[in-house]
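The values are calculated or read from the model by the stated rules, or taken from the named source; none is laboratory data. Computed from a predicted model, the values in this text were never measured in an experiment. Counting neighbours? That spans all protein chains shown, and the Cβs are built from the backbone with ideal geometry, glycine included.
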Amino acid sequence: SGLTDADIVFQSYGRCNSSATFYDDFYEAFTGKSPAIAEKFVNTNMTRQQVMLRGGIKWLLTYALGMLDAKLQELGKSHSRGGLNILPEWYDLWVEALMETVAKHDPKYTTELDDQWRRVMKPGIDLIKSHY
Ligand code: HEM
């Protein structure tokens, strides 16, 4: 078929989005990765967590489709050392938590799909990290 990795990942994201506990499960997985990460979210409510993940993934994926990167530049700035001070190595944990959650919620999950997700998100994540 003519579907690109980004198309396939978008479809997987759609299936995850229709699962009611996807975002809660991501946060549980992510904050469980390190006490330093949990500490960053002590004052964050669930609504803002969902905004972060819903908007964040969407921008990573649209960047992969070749769209404007202004939003990711902004995220790079908000997450940089002068802002939220998100250490570059924490993005690996973010990706691990996300992929564990996708594996749990996408009924069509495969290891190939896992690789596709990682490949599609990498350029956007590298861009965010480059602002640190
Ligand atoms: C806020 C996306 C990685 C911690 C946000 C917001 C978005 C976002 C859209 C809300 C807007 C803003 O504040 O700029 C992403 C994406 C990530 C990512 C797409 C991965 C590529 C991380 C990581 C951490 C983190 C690794 C580590 C702890 C936070 C915190 C906030 C935030 C603490 C503020 C929450 C609040 O409003 O209290 N992120 N983020 N993010 N992010 Fe991230």
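Which members of the stretch 54-70 meet the condition of being part of a loop (DSSP other than H, G, I, E, B) and in contact with a helix residue (DSSP H, G or I) (Cβ under 6 Å, 6 or more places away or on another chain)?
Step one: filter the stretch 54-70 for residues part of a loop (DSSP other than H, G, I, E, B), giving 65-69.
Within the stretch 54-70, Leu65, Asp69 qualify.
The condition of being closer than 25 Å to Asp5 by Cβ and either without any contact (Cβ under 8 Å) to a residue 24 or more places away in the chain or in a loop (DSSP other than H, G, I, E, B) (or both) holds for Asp114.
On the basis of being touching a Lys or Arg at 6+ places or on another chain (Cβ under 8 Å) and more than 8 Å from the ligand (Cβ to nearest atom), does Lys58 make the cut? No, not satisfied.
The set of residues in the stretch 1-15 being touching a residue at least 12 places away in the same chain (Cβ under 8 Å) and among the charged types (D, E, K, R) consists of Asp5, Arg15.
Taken together, the residues in the stretch 18-46 that are in a helix (DSSP H, G or I) and either at pLDDT below 90 or in contact with a Gly (Cβ under 7 Å, 6 or more places away or on another chain) (or both) amount to 1. Taking the numbered list (1) loosely packed, with under 13 Cβ neighbours inside 10 Å; (2) within 13 Å of the ligand (Cβ to nearest atom); (3) among the polar types (S, T, N, Q) in turn, Gln73 passes all entries but (1). Taking residues in the stretch 16-36 that are in contact (Cβ under 8 Å) with a residue 40 or more places away in the chain, and partners anywhere that are in a helix (DSSP H, G or I) and among the hydroxyl-bearing types (Ser, Thr, Tyr), the pairs with Cβ atoms closer than 8 Å and at least 6 places apart or on different chains are Cys16/Thr101; Phe22/Thr101; Asp25/Thr101; Phe26/Thr101; Ala29/Thr101. Is there a residue in the stretch 47-55 that is crowded, with 16+ Cβ neighbours inside 10 Å, of a type outside the set (A, V, I, L, M), within 16 Å of the chain's Cα centre (by Cα) and over 24 Å from Gln116 (Cβ atoms)? Yes - at least one qualifying residue is present in the stretch 47-55. Within the stretch 76-91, the set of residues being within 6 Å of the ligand (Cβ to nearest atom) and assigned to a helix (DSSP H, G or I) comprises Ser78, Trp90, Tyr91. Only one residue in Glu96, Glu112, Glu89 is within 19 Å of Trp59 (Cα to Cα) and modelled with pLDDT of 95 or more, so which one is that? Answer to the check: Glu96.
Residue under question is Arg15, and the condition is that it be modelled with pLDDT under 85, part of a helix (DSSP H, G or I) and basic (Lys, Arg); does it hold? Give the steps one after another, and end with the answer.
On the way: modelled with pLDDT under 85: no; part of a helix (DSSP H, G or I): yes; basic (Lys, Arg): yes.
In short, no.
Being of a type in the set (Gly, Ala, Ser), more than 10 Å from the ligand (Cβ to nearest atom), within 16 Å of Lys122 (Cα to Cα) and more than 14 Å from the chain's Cα centre (by Cα) holds for only one residue in Gly66, Gly32, and it is Gly66.
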